[in-house]
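What follows is a short report on a single structure.
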Amino acid sequence: MSYQKDLAVEYHQQDTDSYCGAACAQMVLNSVGAGLLNQSTLYADNHDHTSWDQNLYDSSGKKIEWATNPDGLVWTLNHYDPQTTGPILPHYYVDTPLHYYPNVNSEDAISRKIAWTIQHYEVAPCVLVMGAQHWIVVRGMEVSKAPTGGDDTTYSITSFRVNDPWPPVPSSNYWPNPTQPPPPPHSASDGCGSGGIRGVADEVILYQQWQSTYLTGAKYHPQGHWQGLYVAVCDPTPPATRPGLAVRPIRRFDGVRLISPEQVLELAAEVMKTEALPRTGVWERSLRDVNAASPILVNRLDRFDDYYYIVPLNSANLEARAALLFDARFGHLQQATSFPSPDRTIANAPNPESVMRRIAGKTYLFEKYEAPLPAREEAIHVLGLWFWKPCLESLSPLWPFRLAYVGGRPLFFRIDGQVFTSLHENVLGL
């Protein structure tokens with residue numbers, strides 16, 4: 001029998017592309033009694049109370065910017081935390097063991113401190129993921145047994161449950177009803193977390209996916225203060241100094257060939273019959289009367305020979321109520337997402353012909369070219385695969401891109417229909 005714990009952390013989207021740290025602070029502070037503070041105020045505090053990486057430039061001479069630096073987020077959480085007395089203060093702590101614990105700097109140690117913070121302090125940690133590009137809130141876990149301390153290495157981690165504030169709140173020209181615009185201000189009934197462009201309130205990240213895609217360590221600049229570190233804002237107790245008990249990864253296939261759509265559908269049906277997914281609350285509703293639909297094969301742009309499938313779990317009226325992600329070489333479950341409101345984006349992913357029709361006849365301004373380039377139908381080529389990498393334009397593997405070439409220039413067509421001429425990775429803590 002495994003042990004599970006899931007904290008009540010109300011979900012809210014980030015208000016802008018750069019407010020993920022502010023949205024995480026808003027969610028965590030609200031969960032400990034501070035109320036729903038304004039994200040602009042929280043962002044300003046995050047941004048203004050940073051001590052590191054003020055003068056870093058990439059190889060092209062472009063300044064590397066942090067939207068929310070870890071020490072700025074720590075200051076903000078401590079400043080607005082309403083708890084001023086008690087034995088467990090301070091709630092928050094940046095876990096940078098290379099600086100504070102010279103012999104410890106590992107994903108395993110930080111993951112165990114995240115689990116202990118959830119178990120003992122009952123506060124959801126904010127975690128820096130996808131290199132150093134993004135902040136998420138980790139609010140729950142499934143482990144082999146309850147942790148007994150920050151340095152407990154006798155249990156294994158099966159999965160984490162997260163509140164990911166991406167995507168940003170839709171802009172007014174994206175919003176279908178201008179008389180009822182999206183937040184801010186935020187409230188318990190603001191629509192955040194209902195799926196699609198309103199974000200997802202409950203994601204389960206299997207531990208292999210956590211290691212390979214999420215908690216990968218800060219990678220951005222050789223002179224960066226956080227470079228190479230695994231960073232989480234959690235409790236102040238020391239981390240484990242030795243590796244802990246691990247779950248052995250199960251490889252269902254040998255990886256020589258990509259598994260077929262038929263095989264991944266069988267895997268999805270098998271997962272839905274097991275205890276791999278939560279069976280309470282929104283998950284119970286999401287998994288009722290659904291069937292695995294046509295898988296979406298995605299190639300990781302930032303990885304060599306790395307592919308995954310998105311499998312929508314559709315209701316009878318072809319709306320996705322949940323989605324599963326599987327490794328496309330070895331077949332293991334990577335991630336699962338439930339949609340409180342049915343999602344039609346994943347259930348109706350456009351094929352290459354549809355993408356061509358939607359971009360043909362428009363003009364696009366590419367960064368290296370002065371004149372807008374018309375997308376002439378005869379000069380458009382859309383690749384059959386979907387593609388994804390963590391970037392400003394998509395911080396979720398559920399939001400991949402079709403790659404189209406217009407007159408030889410690449411165009412990125414996101415699954416929701418938004419089109420980009422380039423993908424950006426030079427802003428951190430988004």
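Given the conditions (1) in a loop (DSSP other than H, G, I, E, B); (2) at pLDDT below 90; (3) within 23 Å of the chain's Cα centre (by Cα); (4) charged (D, E, K, R), which single one is not true for ASP71?
So ASP71 meets the others, but not (1).
Quick one: in segment 27-48, which of the residues that are at negative phi and surrounded by fewer than 16 Cβ atoms within 10 Å (Cβ to Cβ) is modelled with the lowest pLDDT?
Just the residues of segment 27-48 that are at negative phi, to begin with: 27-32, 34, 36-48.
Among the residues that remain, those that are also surrounded by fewer than 16 Cβ atoms within 10 Å (Cβ to Cβ) are: 38, 40-41, 44, 48.
Numbers: ASN38: 95, SER40: 96, THR41: 96, ALA44: 95, ASP48: 88.
Ranking the candidates gives ASP48 first.
Quick test for you: out of VAL28, VAL9, pick the one residue that is within 17 Å of the chain's Cα centre (by Cα), closer than 29 Å to GLN119 by Cα and part of a helix (DSSP H, G or I).
Numbers: VAL9 fails: part of a helix (DSSP H, G or I).
None of the others qualify; the one that does is VAL28.
For residues in segment 322-342 being buried (at least 24 other Cβ atoms within 10 Å of the Cβ) and among the aromatic types (Phe, Trp, Tyr), which is farthest from SER212 (Cα to Cα)?
PHE339
Applying the selection to segment 226-268, what residues are loosely packed, with under 12 Cβ neighbours inside 10 Å, among the aliphatic types (A, V, I, L, M) and at pLDDT 90 or above?
Scanning segment 226-268 gives a single hit, VAL256.
Is it true that GLU319 is among the charged types (D, E, K, R), surrounded by 16 or more Cβ atoms within 10 Å (Cβ to Cβ) and out of contact with any His (no Cβ under 8 Å at 6 or more places or on another chain)? Lay out the reasoning, then the answer.
Values: among the charged types (D, E, K, R): yes; surrounded by 16 or more Cβ atoms within 10 Å (Cβ to Cβ): yes; out of contact with any His (no Cβ under 8 Å at 6 or more places or on another chain): yes.
For GLU319, the condition - among the charged types (D, E, K, R), surrounded by 16 or more Cβ atoms within 10 Å (Cβ to Cβ) and out of contact with any His (no Cβ under 8 Å at 6 or more places or on another chain) - is met.
Hey, among TRP135, TRP116, which residue is part of a helix (DSSP H, G or I), under 19 Å from LEU229 (Cβ atoms) and at pLDDT 70 or above?
Details: TRP135 fails: part of a helix (DSSP H, G or I).
The unique qualifying residue is TRP116.
Does any residue in segment 7-25 that is on the phi > 0 side of the Ramachandran plot and modelled with pLDDT of 95 or more come within less than 9 Å, Cβ to Cβ, of a residue that is in a helix (DSSP H, G or I) and buried (at least 24 other Cβ atoms within 10 Å of the Cβ) six or more places away or on a different chain, and which pairs are these?
Short answer, once both residue conditions are applied: none.
Can you find a residue that is buried (at least 24 other Cβ atoms within 10 Å of the Cβ) and in a helix (DSSP H, G or I) anywhere in segment 13-21?
Checking segment 13-21: at least one residue is buried (at least 24 other Cβ atoms within 10 Å of the Cβ) and in a helix (DSSP H, G or I).
The values are calculated or read from the model by the stated rules, or taken from the named source; none is laboratory data. Small disclaimer: the values here were computed from a predicted structure and weren't measured. All Cβ positions, glycine included, derive from the backbone under ideal geometry; neighbour counts span all protein chains shown.
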